[in-house]
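**Q** Below is the structure I would like to discuss, written out as structure tokens.
The values are calculated or read from the model by the stated rules, or taken from the named source; none is laboratory data. Nothing here was measured: the structure is a model prediction, and the numbers come from that model. All Cβ positions, glycine included, derive from the backbone under ideal geometry; neighbour counts span all protein chains shown.
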Amino acid sequence: MTREEKGTMISELSEKFAATPYFYITDASGMSVAETNNLRRKCFEAGVEYRVVKNTLIAKALETLPTDYEPFNESVLKGFSGVMFHPESGKVPAKLIKDVIRAGNAKIKLKGASVDTALFIGHDQLDTLLNLKSKQELVGEIIGLLQSPAKNVIGGLLGAGNKLAGILKTLSEREEK
């Protein structure tokens, strides 16, 4: 790879890392060609972009970003590295990795992940990443919590209003008799 090609690759990766808030760095070094092709097919079906990139190029691309990815250099960027990008959810690549492992192909390992600039290092973080809620899910929960007291007040007023109307109707009928 020439110096110009490396420069182009670094700038492409920098743009991709800056534009994609969710990316995972994996180790699939023990996988056969068929297993790797299966992984790539599953990534394509899930809308995940998967690339195998040299660690030095990843490190140089991450250096151009404002977020500090220094912990990745110490432990994540060693050995074989594949990068998974997903534009909308930090949970999709984690689910994909877990599904590949469940299918009997436990040779893929999570080395590290960045979810909205929060760093997760190590394969043991996979379950944590699976349990993360997306921004839309959190906003939905907050809206539901904010609407709950208003619904209770409105329900109470409507219920009390109906009860009060019933009492007034009963009292007005009594007076007529």
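**Q** Name, by its number, the condition in (1) crowded, with 16+ Cβ neighbours inside 10 Å; (2) outside the structural domain of D27 (by TED's automatic domain parsing) that does not hold for G144.
**A** All conditions pass for G144, except number (1).
**Q** Conditions first: (1) assigned to a strand (DSSP E or B); (2) touching a residue at least 24 places away in the same chain (Cβ under 8 Å). F120 passes all but one, so which condition is the exception?
**A** (2)
**Q** Continuing with the same structure: Just to be sure before I move on: is G90 in contact with a helix residue (DSSP H, G or I) (Cβ under 9 Å, 6 or more places away or on another chain), under 30 Å from A46 (Cβ atoms) and modelled with pLDDT of 75 or more in the structure I sent?
**A** On the way: in contact with a helix residue (DSSP H, G or I) (Cβ under 9 Å, 6 or more places away or on another chain): yes; under 30 Å from A46 (Cβ atoms): yes; modelled with pLDDT of 75 or more: yes.
Judged against the criteria, G90 is a match.
**Q** Identify, from the list L110, L57, L62, L39, the residue that is in contact (Cβ under 8 Å) with a residue 60 or more places away in the chain, assigned by TED's automatic domain parsing to the domain that holds D127 and farther than 18 Å from D124 by Cβ.
**A** Exactly one residue qualifies, and that residue is L39.
**Q** Turning to a different aspect of this structure: Go over the candidates T8, T26 one by one and state the one that is over 23 Å from the mean Cα position of the chain (by Cα) and not hydrophobic (A, V, I, L, M, F, W, C). Don't jump to the end; show me each part of the working.
**A** Values: T26 fails: over 23 Å from the mean Cα position of the chain (by Cα).
Every option except T8 fails the conditions.
**Q** Take the residues of the range 25-40 that are out of contact with any Ser or Thr (no Cβ under 8 Å at 6 or more places or on another chain) and either closer than 19 Å to G90 by Cα or of a type in the set (A, V, I, L, M, F, W, C) (or both): which is surrounded by the most Cβ atoms within 10 Å (Cβ to Cβ)? Don't jump to the end; show me each part of the working.
**A** Here is the first cut: in the range 25-40, the residues out of contact with any Ser or Thr (no Cβ under 8 Å at 6 or more places or on another chain) are 29-40.
Filter once more, so that each one left must be either closer than 19 Å to G90 by Cα or of a type in the set (A, V, I, L, M, F, W, C) (or both): 31, 33-34, 39-40.
On the way: M31: 18, V33: 7, A34: 9, L39: 23, R40: 16.
The qualifying residue surrounded by the most Cβ atoms within 10 Å (Cβ to Cβ) is L39.
**Q** Restricting the search to the range 1-54, which residues are of a type outside the set (S, T, Y), out of contact with any helix residue (DSSP H, G or I) (no Cβ under 9 Å at 6 or more places or on another chain), part of a loop (DSSP other than H, G, I, E, B) and closer than 13 Å to P87 by Cα?
**A** Of everything in the range 1-54, just one residue is of a type outside the set (S, T, Y), out of contact with any helix residue (DSSP H, G or I) (no Cβ under 9 Å at 6 or more places or on another chain), part of a loop (DSSP other than H, G, I, E, B) and closer than 13 Å to P87 by Cα, namely P21.
**Q** Answer yes if at least one residue in the range 72-79 is farther than 18 Å from S114 by Cα and of a type outside the set (S, T, Y), and no otherwise. Even if it seems obvious, please write down each step before you answer.
**A** The first filter runs over the range 72-79 and keeps only residues farther than 18 Å from S114 by Cα, leaving 79.
Adding the requirement that they be of a type outside the set (S, T, Y) leaves 79.
There is at least one residue in the range 72-79 that is farther than 18 Å from S114 by Cα and of a type outside the set (S, T, Y).
**Q** Could you please tell me which pairs satisfy a Cβ distance under 6 Å, a separation of 6+ or placement on different chains, a first residue in the range 1-29 that is touching a residue at least 24 places away in the same chain (Cβ under 8 Å), and a second residue that is part of a helix (DSSP H, G or I) and surrounded by 12 or more Cβ atoms within 10 Å (Cβ to Cβ)?
**A** Within 6 Å, the pairs are M9/L57; I10/L57; I10/K60; I10/A61; L13/A61; S14/A61; F17/A61; Y24/P93.
Condition check ((1) buried (at least 19 other Cβ atoms within 10 Å of the Cβ); (2) under 21 Å from I10 (Cβ atoms)) across all residues:
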| residue | (1), (2) |
| --- | --- |
| Y69 | yes, yes |
| S75 | no, no |
| M84 | yes, yes |
| A94 | yes, no |
| K98 | no, no |
